[in-house]
Amino acid sequence: MIYNTQFSTFLQKHQHEFHTVVPFDPKYEKLLPLDFTENNKELSDEILSDTNKFSDYINSKLATTGCKYGIGGYAEHRTVYSRSKHFDSEEGEEPRRLHLGVDIWGAVNTPVMAPLNGIIHSFAFNNNFGDYGATIILTHNLEGTTFHTLYGHLSLNSLKNLQEGHLVKRGDVFAEFGMQFENGHWPPHLHLQIIIDMQGMKGDYPGVCKYSQREIYLSNCPDPALLLTMLS
């Protein structure tokens, strides 16, 4: 795996300090790893082309296994992105298929909490089919090291009354999972991504890249599992 080793080691040192991002009690609740690569033969074009059927698929998996959330996807080469032209390039060029974040699949309106203190860097409603929908980006400073976390597929209500530069404290509920009409037309879930350098962007940053560009993007976007206490 290609990633920023120095930064990942730095975050590992602080893992015990991070707050859970969604409500989860590992003593009583379970997580379901979900695979959205070509290895998952259950994901037919019929399911992927219909957000309601896609949602039913996720909900059925969670109900059958007794899990509160589905989870996974970092550095996963996903066929699921074929459902949207948003991830295609010009004709004949390589499409974007490599996922740069972790997805947490769950119920609409699931609260999203800040893993550590931060300020609101930017926010936007990225309203393309297959895009993030409502999006919030936080900036964090830990021992003098600055980095960012992106939260995609939120509710539009999450964007109300926000101001860039506002403080969000560790453990604060600052957002919630959105429904398909506000989250980019996906089953409800959170896309969590770490971004070291925003490269001048605001309210948006690629959450999927071309496989040929994986070295560049994975170096700038380390594994968000480093922030997720629910996985420890």
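Report yes if Tyr217 is buried (at least 19 other Cβ atoms within 10 Å of the Cβ), out of contact with any helix residue (DSSP H, G or I) (no Cβ under 9 Å at 6 or more places or on another chain) and more than 25 Å from Asn109 (Cα to Cα), otherwise no.
yes
For the range 67-122, give me the residue count where each residue is small (Gly, Ala, Ser), at pLDDT 95 or above and in a strand (DSSP E or B).
Adding up the residues that qualify gives 3.
Only residues that are touching a residue at least 24 places away in the same chain (Cβ under 8 Å) and of a type in the set (D, E, K, R): list them for the range 144-188, please.
Glu164, Lys169, Arg170, Asp172, Glu176, Glu182 - these are the residues of the range 144-188 that are touching a residue at least 24 places away in the same chain (Cβ under 8 Å) and of a type in the set (D, E, K, R).
Consider the range 159-192. How many of its residues are surrounded by 23 or more Cβ atoms within 10 Å (Cβ to Cβ) and of a type in the set (S, T, N, Q)?
Residues meeting the conditions: 1.
Could you list, in sequence order, all residues of the range 123-144 that are assigned to a loop (DSSP other than H, G, I, E, B) and either at pLDDT 90 or above or not hydrophobic (A, V, I, L, M, F, W, C) (or both)?
Asn127, Asn128, Gly130, Asp131, Tyr132, Glu143, Gly144
The values are calculated or read from the model by the stated rules, or taken from the named source; none is laboratory data. Since the model is a prediction, treat every value here as computed from it, not as a measurement. Positions of Cβ are generated from backbone atoms using ideal geometry, with glycine treated the same way; all protein chains shown enter the neighbour counts.
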